[in-house]
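Single-structure report; data block below.
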């Protein structure tokens, strides 16, 4: 096998990524490589960081933002590389450049529960489903400037990928066409689009060689499908706990939403909550009519305690009237709410 480091991809697309439409287009152009790929036994080595460059979580100032970029590199042509410590989010909080790039790695970061399962799943998807190791790669429209989507052709098991580069959830509808697939589809036949990332499956039926696939992507979320005549799942081994002490490193054993403080409040109030595992969190404020006033949190967050402040304003920035409001909290399958009293 012949291979070489794709420094052009890193230097022109990964490191300066803007998380905007032009940044997504630029990333695709570099991944696509001008539609020039070497033979089946030659691959570009593609990376987000290495011992000479800045840690990507430090550079993006975010753990969550690294996730869709990693998905793109793991599911497009080439060989993805993970520099030791990248899989647990090493970088943020380390001030010395040398320590960030070549220092001792703390594998017990707060982002471990968020990132390690992400990389594990991507690696096993790639290993178990050949569509993601071929040189075939076709971009398809997603209907959103924040969502990057493409097809990896493979007979009877095409790969379909969509990644959200935005901090808000996105509703996505992909237009599938038989001309872009390796599978010879039959009109009227029931196919399954299995999202290997979330272990869910969607029914797909083609008519005149076309079909649609609709789903919702969480902020910075990924969907990695295999289209086949039966549902598929990726097999994952149990991750080994590398904590120095037993139990949850953050000392949190259950989901919990605390009462806001102060309450009643005048200008602002703080709302705290706890996550025993990394989870997608939604925290929003509603009035007594059930109308949504503002969203305080909608993001993937790591294990531990978190606090957010509400300034008594709507999502448009307008002060709301005195009265009773509700903080509605959702993390994974957990839901809770608290009553807030605002006095002007």
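Being touching a residue at least 24 places away in the same chain (Cβ under 8 Å), farther than 14 Å from residue 148 by Cβ, touching a helix residue (DSSP H, G or I) at 6+ places or on another chain (Cβ under 7 Å) and not in a loop (DSSP other than H, G, I, E, B) is true for just one of 43, 58, 74. Which residue is that? Spell out how you get there, then give the answer.
Values: 43 fails: touching a helix residue (DSSP H, G or I) at 6+ places or on another chain (Cβ under 7 Å); 74 fails: farther than 14 Å from residue 148 by Cβ.
The conditions single out 58.
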For the stretch 139-184, name all the residues that are loosely packed, with under 15 Cβ neighbours inside 10 Å and touching a helix residue (DSSP H, G or I) at 6+ places or on another chain (Cβ under 7 Å). 145
Residue check, residue 87 against (1) farther than 30 Å from residue 182 by Cβ; (2) at pLDDT 90 or above; (3) surrounded by fewer than 16 Cβ atoms within 10 Å (Cβ to Cβ), all met but one. Which one? (3)
When the stretch 185-201 is checked residue by residue, the ones that are in contact (Cβ under 8 Å) with a residue 24 or more places away in the chain and either within 22 Å of residue 74 (Cα to Cα) or surrounded by 15 or more Cβ atoms within 10 Å (Cβ to Cβ) (or both) are 185, 191, 192, 193, 194, 195, 196, 197, 198, 199, 201
Identify, by number, the condition in (1) surrounded by 13 or more Cβ atoms within 10 Å (Cβ to Cβ); (2) at pLDDT below 95; (3) not in a strand (DSSP E or B) that residue 246 doesn't meet. (1)
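Test residue 172 against the stated conditions and say whether it is in a strand (DSSP E or B), under 14 Å from the mean Cα position of the chain (by Cα) and at pLDDT 95 or above. Break it down stepwise before answering.
Working: in a strand (DSSP E or B): yes; under 14 Å from the mean Cα position of the chain (by Cα): no; at pLDDT 95 or above: yes.
Here the answer is no, as residue 172 does not meet what is asked.
The values are calculated or read from the model by the stated rules, or taken from the named source; none is laboratory data. Computed from a predicted structure; not experimentally measured. When we count neighbours, we look across all protein chains shown, and the Cβ atoms used for this are built from the backbone with ideal geometry, even at glycine.
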